[in-house]
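All of the numbers you see were taken from the coordinates with simple rules; none came from a lab. Note that this is a predicted model, so its numbers are computed, not measured. All Cβ positions, even for glycine, are placed from backbone atoms using ideal geometry, and neighbour counts span all protein chains on display.
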Amino acid sequence: MSHTLAEVAASVERLWPISGSESWDAPGLLSGDPAADVTTIHLAVDAVADSVDEAIEAGADLLLVHHPLLLRGVTSVAEDRYKGALLARLIRADCALIASHTNADVVESGTSAVFADRLGLLDARPIVPSSGIPTRGLGRVGRLAQPVTLGALARALGELLPATASGIRVAGEFDRVVESVALCGGAGDSLLSDPAVLATDVYITSDLRHHPASEALENARVAGGPALIDVSHWASEWLWLDTAAAELRGALPGVTVTVSEIRTDPWDFVVLQ
């Protein structure tokens, strides 16, 4: 059974309403004929050359990604630029492109919610609730079923998340006992000073930069605060794809939905000193 791209886009909107996206974001239908039939959807975190090739080789009619390809303004989609080249390849292959980004972060089964569930957090709730819908919002805060050491938690994350070259970085004593946890899939250093984060034992997120992380740790020495765990941005959000695929299958009977296994984390290797 097929659905039109317009019908698929409407289902995507019901699952992950664009009204929930951040003001700077650019989710939604990027390319494709709304009247075209869709029988196969391929999911990936990023629209990059490998995931585009994977979708085309699979015969997908739609590539649905988490990160918008045109998040920031462009003045050309010429094919001597990678974004133009990717769009041209998708268009020639009759493969549409949709992004569900921060609108998929905030819902009850979004990126951080799935991450929290897979980690086994209890009583998980948003760090920053959405206005009018307290069950929705950025990040999640909850508690582990049993206290563990920070080192054991980091190792558990290593088993939960797909492997990447950059691994998992930790700021805090290995034997520190932690129970309350805040997390944010993707880049979450904007939440480092949130009261809900500061009240936890450990904050798990990605892309922690030197100055925000250093300042958070120095403030913790004075006023208390969480240990920090920095994981791969791609890996923390890749967990969500299986849940998103299941929701799409339920919303679009007869449509085949596949999930990319390609690692689109940008780093290839590290050198330990």
Bridge type composition, the chain - antiparallel percent by DSSP, nearest 5 = 50
Quote the charge dipole size of the range 74-174 about the Cα centre in Debye, to the nearest 20; the model charges only the Cβ of Lys and Arg (+1) and of Asp and Glu (-1).
-> 80
Report the equivalent ellipsoid semi-axes for the range 128-273 in whole Å, largest first, defined as the square roots of five times the eigenvalues of the gyration tensor built from alpha carbon atoms.
-> 28, 20, 14
Kindly write out, for the range 125-136 in residue order, the coupling ³J(HN,Hα) from the Karplus curve 6.51 cos²θ - 1.76 cosθ + 1.60 (θ = phi - 60°), rounded to whole Hz, with x marking Gly and Pro.
-> 8, x, 5, 10, x, 6, 5, x, 10, x, 7, 10
At a temperature of 10 °C and a viscosity of 1.306 mPa s, determine how fast the range 3-103 diffuses translationally according to Stokes-Einstein, using the Kirkwood radius over alpha-carbon pairs as Rh; express D in µm²/s, rounded to the nearest whole number.
-> 117
With springs only between Cα atoms under 10 Å apart, run a GNM on the chain and tell me which of A244, A154, A47 wobbles the most.
-> A154
Hey, how much of the P(r) for the range 64-200 falls beyond 26 Å, as a percent of Cα pairs?
-> 38
Contour minus Cα-Cα distance for A223 and K83 (0.36 nm per residue) | 45.8 nm
Once label points are set 7 Å from the Cα along Cα→Cβ at both H210 and D37, what is their separation, rounded to one decimal in nm?
-> 5.7
Over all alpha-carbon pairs in the chain, figure out the percentage whose distance exceeds 28 Å.
-> 38
In whole angstrom, the spacing between the Cα centers of the range 1-48 and the range 53-115 equals 9
Peptides 209-222, 230-243, 157-170, 115-128: what's the order by average Cβ count within 10 Å, highest mean first?
-> 230-243, 115-128, 157-170, 209-222
Sort 58-64, 9-15 for me by packing, meaning the mean count of neighbouring Cβ atoms within 10 Å per residue, highest on top.
-> 58-64, 9-15
